Structure formats: C-alpha cells, structure tokens
Amino acid sequence: MNVITPQHRRMRRAPAAAALLLAPLLALTACATRPAEPGPEPTEAAAEPAAARQSATPPRAAEPDRPGIAGLTDPAWIAETAALTGIPERALRAYAGAAITKAEQMPQCGLGWNTIAAVGFAESDHARYGGRTLGEDGLPSEPIFGLPLDGRGVEEIPDSDGGEIDGDAEFDRAVGPMQLIPQTWRNWHVDAGADGIEDPQQIDDAVLATANYLCRAAGEGMVSDAGWRQGIRSYNTNPDYLVKVSAEATRFADLIGTAPAP
C-alpha cells in the first residue's frame, strides 16, 4: 500500500509550485475556525440549527461496476439522485459508497450520505472549486489546497509533514475535496478507491476518511441532534459552517427522503 505524497501521483499532474499558486480554499482543521464566507449574517436562531435528519442508506448495486466504494451503489439510484440534487455522479458515488460502508461496518453511527455530501459541498463544492472538474478516477482536474494555517484569521498550525502531503514546508494546509489537514489524514488515511494508493486528493479516499472521522467524533452517533452537531463541529468549529452543512444536508434529505427515526 502506498501513501500518496506530492512526489507521487498528484504532483505528476501539477508541479508543487504551481499547485500552491491555485486560488486558495478556506482551510479546514479539526480545531481551527474557518473564516466566515461572504453571505447573509446568520440569525440568532440559525446559529443553532436543527441537526439534519439522515437519509436512508442507498441501495447496493447488484454487482459492483468499478473498484472501491465508488462501485457499491445501484447505478440507477446514482443517476436519479444526481439529477435531483445537482451533485456530480462521480462525487455522489463516493458519498453513497461511504454511507453504505459505514452502515455495514458501524451501523450505530447512523451517518447518512446526505451529511457526507453536505460536507463535500461546504469544503469544495464536490471538488468543483475554482472551476475544477472531477475525473472518473476520482481526482480533481487540479489539486486542491487550502490557505496556509499561519494564524492570520485561521488557527496557526506549523508544518507537520515536511510538505509531503500539502506541498508546504512552513505551515500545514488543508488538502483535497474534503479539505483534510495532514495530521487528520495521517490518522484516517484509507485506500477507498482500491487502487493501491492512499491519496487525500482522491475523492473516494478522502470521503471515507471523513466518514470514519465523523463517526468517531460524533460520540453517540450522527442520529441524535447532539451527536450530529458534535461531529460537524469537530470538523469545523465555525457556527456558520454548522448552519451551511445543516441546510445542505436537509435540502438533500427533503429531495430524496430520510431514514426512519431511531
């Protein structure tokens, strides 16, 4: 098993120096607060949104049509849900496959695909940030890196990986479609794409790492209001982030439906 670094697959597609000149993303860290994005000021009530109900686990494919979690979900469900929600099919395959995996491995977590997808929307617009596209291999057309976590409006996190994961040897940066910082990736790295490489830029790997992290961080599980908020807040402490993820997860659930109440 190979763990990806900028000297491996991703950096063959874009030199490290060029990658760091990409339009910056707002950086994510489990302990840092993301700078608020432009938009309406949240009301006092909106600062503590209701936890999003979790959508039912997507139906499994009769036979996987590709390796890894991307092949786990019924293709007809993927096509219909993508059309209803506007989520790109390749990203949706990762979200749905991660939800199926967690439902089988850790059913008490209760993490719905709609919450995972809402995090993916908040972090990188499903890997479409800055006009990027997501390939069938699960890789964005250009690597995605967040701002340096240098203490200027974000948590200060000095470099922890020698630039091997994020290409920055001075400060850590969030990486990939789910904006995982190097410490988080080292703790939760996984080859969910079944290609022999663990890569935070690859959406299957990044999404399953995120799902594993959320289920552990949620404590009592994502099915309770308290557990859901705890999981999302552990991912990003900014109150606006909680509002954004709740709104998007609820939108997906309203379009597709929710699981029965526990």
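The values are calculated or read from the model by the stated rules, or taken from the named source; none is laboratory data. Small disclaimer: the values here were computed from a predicted structure and weren't measured. Backbone-built Cβ (ideal geometry, glycine too); neighbour counts: all protein chains shown.
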request  = Test each condition in (1) over 25 Å from L255 (Cβ atoms); (2) part of a helix (DSSP H, G or I); (3) touching a helix residue (DSSP H, G or I) at 6+ places or on another chain (Cβ under 7 Å) for G130 and report the one that comes out false.
outcome  = (3)
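For the stretch 165-262, which fully contained helices (runs of 4 or more DSSP H) count at least 2 residues that are over 12 Å from A52 (Cα atoms), among the charged types (D, E, K, R) and under 13 Å from the mean Cα position of the chain (by Cα)?
Here the list reads 203-217.
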message = So, in the stretch 37-96, exactly how many residues are assigned to a loop (DSSP other than H, G, I, E, B), β-branched (V, I, T) and modelled with pLDDT of 95 or more?
response = 1
query = Within the group D159, D150, D125, D74, which residue is free of Cβ contacts under 8 Å to residues at least 24 places away in the same chain and within 14 Å of the chain's Cα centre (by Cα)?
reply = D125
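This table checks each residue for (1) crowded, with 24+ Cβ neighbours inside 10 Å; (2) among the hydroxyl-bearing types (S, T, Y).
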residue	(1), (2)
A62	no, no
W77	no, no
G86	no, no
R90	no, no
A94	yes, no
T101	no, yes
L111	yes, no
F121	no, no
